[in-house]
1. With respect to the numbered conditions (1) of a type in the set (D, E, K, R); (2) touching an Asp or Glu at 6+ places or on another chain (Cβ under 9 Å); (3) open to solvent by less than 80 Å² (accessible area, probe 1.4 Å), which one is the sole condition not fulfilled by residue A:49?
2. Only one of A:64, A:112 is within 30 Å of residue A:203 (Cβ to Cβ) and buried (at least 22 other Cβ atoms within 10 Å of the Cβ). Can you tell me which?
3. Assess whether residue A:321 counts as being touching a helix residue (DSSP H, G or I) at 6+ places or on another chain (Cβ under 9 Å) and open to solvent by 10 Å² or more (accessible area, probe 1.4 Å).
4. Within segment A:281-298, identify whether any single residue is open to solvent by 20 Å² or more (accessible area, probe 1.4 Å) and among the β-branched types (Val, Ile, Thr), and answer yes or no.
5. Residue A:293: more than 15 Å from residue A:187 (Cβ to Cβ) and either of a type in the set (Ser, Thr, Tyr) or assigned to a helix (DSSP H, G or I) (or both), yes or no?
6. Which residues, counting only those in segment B:208-236, are assigned to a strand (DSSP E or B) and either within 18 Å of residue B:174 (Cβ to Cβ) or of a type in the set (Ser, Thr, Tyr) (or both)?
7. Quick one: in segment B:252-290, of everything that is among the charged types (D, E, K, R), out of contact with any Ser or Thr (no Cβ under 7 Å at 6 or more places or on another chain) and not in a helix (DSSP H, G or I), which residue is nearest to residue B:140 (Cα to Cα)?
8. When you check residue A:220 against the structure, is it under 21 Å from residue B:99 (Cβ atoms), at pLDDT below 95 and either within 13 Å of chain B (Cβ to nearest Cβ) or surrounded by 15 or more Cβ atoms within 10 Å (Cβ to Cβ) (or both), yes or no?
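The values are calculated or read from the model by the stated rules, or taken from the named source; none is laboratory data. These numbers come from a predicted model, not from an experiment. We place every Cβ from the backbone using ideal geometry, glycine too, and count neighbours over all the protein chains shown. SASA here: full protein model, heavy atoms, side chains in, ligands and nucleic acids out. Shrake-Rupley method; radii C 1.70, N 1.55, O 1.52, S 1.80 Å.
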2 protein chains.
Amino acid sequence: MKVFYSPEHQVHDPENEFTNAGAIPYPECARRATGIAAALSSNPSFEIEMPETIAPIALETIHDTGYLHFLAQVYAGQRSHTVELTPTTFPSRGRGRRPVTLKAQAGYYAFDTTPLTPGTWDAALTAAGSALTGADCLLEGARSAYALCRPPGHHAGRDYFGGYCYLNNAALATEKLAAHGRVALLDIDYHHGNGSQDIFYDSDQVFFVSIHADPDYQYPLYWGYADERGKGVGVGKTRNFPLPPNTGDKAYIETLDEALHCIEDFAPEYLIVSAGLDICREDPLGDWAITAEGVAQIGARIATAGVPTLLVQEGGYDLRDLGANVRQLLTAFI
Amino acid sequence: MKVFYSPEHQVHDPENEFTNAGAIPYPECARRATGIAAALSSNPSFEIEMPETIAPIALETIHDTGYLHFLAQVYAGQRSHTVELTPTTFPSRGRGRRPVTLKAQAGYYAFDTTPLTPGTWDAALTAAGSALTGADCLLEGARSAYALCRPPGHHAGRDYFGGYCYLNNAALATEKLAAHGRVALLDIDYHHGNGSQDIFYDSDQVFFVSIHADPDYQYPLYWGYADERGKGVGVGKTRNFPLPPNTGDKAYIETLDEALHCIEDFAPEYLIVSAGLDICREDPLGDWAITAEGVAQIGARIATAGVPTLLVQEGGYDLRDLGANVRQLLTAFI
C-alpha cells in the first residue's frame, strides 16, 4: 500500500493554541506526523513515497482565489518558526468586508483562533500534494492508498481556515476523483468535517457522511447536526451521525455500519476516508472510548465497501499511540 | 449636569484579554469607571445619580430576544468573578446554526474573543440603564447629560457582542429618543462603532457619524470604511471618517468640523455622543496624539451643535488620565 508523505510539514509547528482555559501547547504538532511515518516505516507493506509537487492553481478546484492568495502571501519570504498570527476578530455572520492589509485578513478567512506561521503555506501545500497524489494513485488502478497529511484539512472550507486546517486535503482528492465517477467521502474524525460538508453540500456527485461528537457540546459547534442533509441537487447526499460522550466500540460500529449502508446505496466508484484517530480512548482532545481493536474493526468494515479507497489523515493527538492506531486502521487495506 | 452611574458595573471585571501576543490584563477594567466617577465627584457641577433600574424587555427595542436570553442565562445564578467564558470558535460568514447549549452559543453571538463572566449581565444591564435614564433626562428638558456606562456598548450589535461590549448603550438611548425626533449619533471613540452603525444602517431617523482609526489596520477591521454610507432609506445617513496613525489635534478637529457640518445638515433634535477617550495620546490601545487641550476643544465644538446632547462613555484605557480627560470633554456642557 502506497503512503504519501513529505517531511516538509515540519516547517509548520505553532507553539500555542488559545483555548477557553488559556494557552496550551499546540496539539496539532509535527511529532504527530513524524510518529505515524515512523510507525509505518517498520512494515514493508507500506511503501512511503514523496508526493508530487503541486502548483497552487491545482487548489482552485476547491479553494477561493483570494483565500489562496492570502495564505500564500501573508508570510511571503519568512520562514521563522516562532512568528505566529492568531486571528482574534471575525466578521460575524455575513457582515463585514475584507481588509486590504494581509495580516488584517486573518480573521476574515478564519472561523476560530487557529494560528498561521511563516511555514504554514508550504506545509499545507505538501499535505494537499499528498492527498492529490493519492487520488492519482487510485486513478492509476490502485485499490487503496494512504495520504499522511499534516496539517489536516477537513475543517477548511472554500475560503476559510480553522481547527488546525488550512487546505482541505480530502476535499481536493474527492474533487479530483469526482471528475471520473461518483465519490463517497466518509469522515470518521472525532470532530465534524464542517469544511468538507460545506464544499460538497450542493453536490450530487459526492456523498458526504460524517460520524462525530455531537456539535452541541463539541467543536466545531455550529455544524454537523443530524438534520443537515444537503441542498439543491445535493439534498440527501450529506449525512451526519452525531454521537454522545463516551461512545465505545459497539455503538460506534453500529453507527458505522449504518453509514456504510448509506454509502452502498450511493454506489460510489471511489471512497475517500477522512481518517481522524482522535476517536481513540486515550486522545487528549476527545472523550470517546474506541479501543485499538475497535480501530482495526473500523478499518475492516470500511474495506468491505470494496471500492478503491484513499485514506487521508485528519486529527489524532495521542502522540504515544497515534502511529499504532493508524497502522491498525490500515491493516485491512494491505 | 447630571451624570448617571451605578457602581454595580464592578461585578464585571474579567482578568485577561486574549490577543495575538497572548493573554494581557483586561484593559476594560472596573477601575476605568470608578476613576471617572471619582474625577467628576470633586466638581459640584456634576450631579452623580443612580440610573433607573430597567427591565430586560426595554432592551428589545434594539436587541434580539434570543441574544438577550443568552446573555441573561448563560451564567444564571453565578456571581463568581473568576469564571470566564471566552469564545474561540465562530460561525464564519453566515454559515452555522445556534447550538442548544448556552455555553456553546458564546461564539455564535460573538465576533471576537471578548469574555463573559458571571457578573457581565448585571453590569451590562446597569450600563444600559444609565444610557436610557440619560435619554429620559433629555426628554424631560435637560440640555445635556452624561451616562458613565461600563461595560461600553458601541461594538455590540442587535445580536452580537465583542470589543468589550455586550449591550449597545448609546444605541438604546438613540432609539428611545428617535421616537421623539431625529437623532444624530456621533461616535468619537478611537475604534469604529460597528455595532451602532449596523443597528441604524437602514434608518433615516438616525444619522450615524464615526471618526476612528482606519479599520484596515485597526480593530474592528471589517467595518468603518469611508464608503459605508447606509442602505435603503438610510443611504447617506451613515458617514465614516477613518483616520491614520498618529492623528493629532489639528487633523482631528478638521475632521470633526466636517462631521459636525454633516450633522448640522441633518438638523437633529437630539445628539448622542459615543464618547471614547482612547483617542488620547497616552492611551495604551490607541496610537493617536490627541492632547488634553484637544479633548476640551472637541467637547466645545460638539457643544456648538446646540441640540440636547447625551454623552455616553465608550472606551478609554489610560487609567491615569481617563477621569481628567472625561472632565475636559464635558466642560463645555456644564
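1. Only one criterion in (1) of a type in the set (D, E, K, R); (2) touching an Asp or Glu at 6+ places or on another chain (Cβ under 9 Å); (3) open to solvent by less than 80 Å² (accessible area, probe 1.4 Å) is unmet by residue A:49, namely (2).
2. On the way: A:64 fails: buried (at least 22 other Cβ atoms within 10 Å of the Cβ).
A:112 is the lone residue from the list that is within 30 Å of residue A:203 (Cβ to Cβ) and buried (at least 22 other Cβ atoms within 10 Å of the Cβ).
3. On the way: touching a helix residue (DSSP H, G or I) at 6+ places or on another chain (Cβ under 9 Å): yes; open to solvent by 10 Å² or more (accessible area, probe 1.4 Å): yes.
So residue A:321 passes the test.
4. Yes, segment A:281-298 contains at least one residue that is open to solvent by 20 Å² or more (accessible area, probe 1.4 Å) and among the β-branched types (Val, Ile, Thr).
5. Details: more than 15 Å from residue A:187 (Cβ to Cβ): yes; either of a type in the set (Ser, Thr, Tyr) or assigned to a helix (DSSP H, G or I) (or both): yes.
So residue A:293 fits the description; yes.
6. Residues of segment B:208-236 assigned to a strand (DSSP E or B): B:208-213.
Once the filter is applied, which keeps residues that are assigned to a strand (DSSP E or B) and either within 18 Å of residue B:174 (Cβ to Cβ) or of a type in the set (Ser, Thr, Tyr) (or both), segment B:208-236 yields B:208, B:209, B:210, B:211, B:212.
7. Our first condition is that a residue be among the charged types (D, E, K, R); within segment B:252-290, this holds for B:254, B:257-258, B:264-265, B:269, B:278, B:281-283, B:287.
Then drop every residue that is not out of contact with any Ser or Thr (no Cβ under 7 Å at 6 or more places or on another chain), which leaves B:254, B:257-258, B:264-265, B:269, B:278, B:282-283, B:287.
Checking the rest, the ones that are also not in a helix (DSSP H, G or I) come to B:269, B:278, B:282-283, B:287.
Values: B:269: 14, B:278: 31, B:282: 37, B:283: 36, B:287: 39 Å.
Residue satisfying both the conditions and the ranking: B:269.
8. Details: under 21 Å from residue B:99 (Cβ atoms): yes; at pLDDT below 95: yes; either within 13 Å of chain B (Cβ to nearest Cβ) or surrounded by 15 or more Cβ atoms within 10 Å (Cβ to Cβ) (or both): yes.
Against the criterion (under 21 Å from residue B:99 (Cβ atoms), at pLDDT below 95 and either within 13 Å of chain B (Cβ to nearest Cβ) or surrounded by 15 or more Cβ atoms within 10 Å (Cβ to Cβ) (or both)), residue A:220 qualifies.
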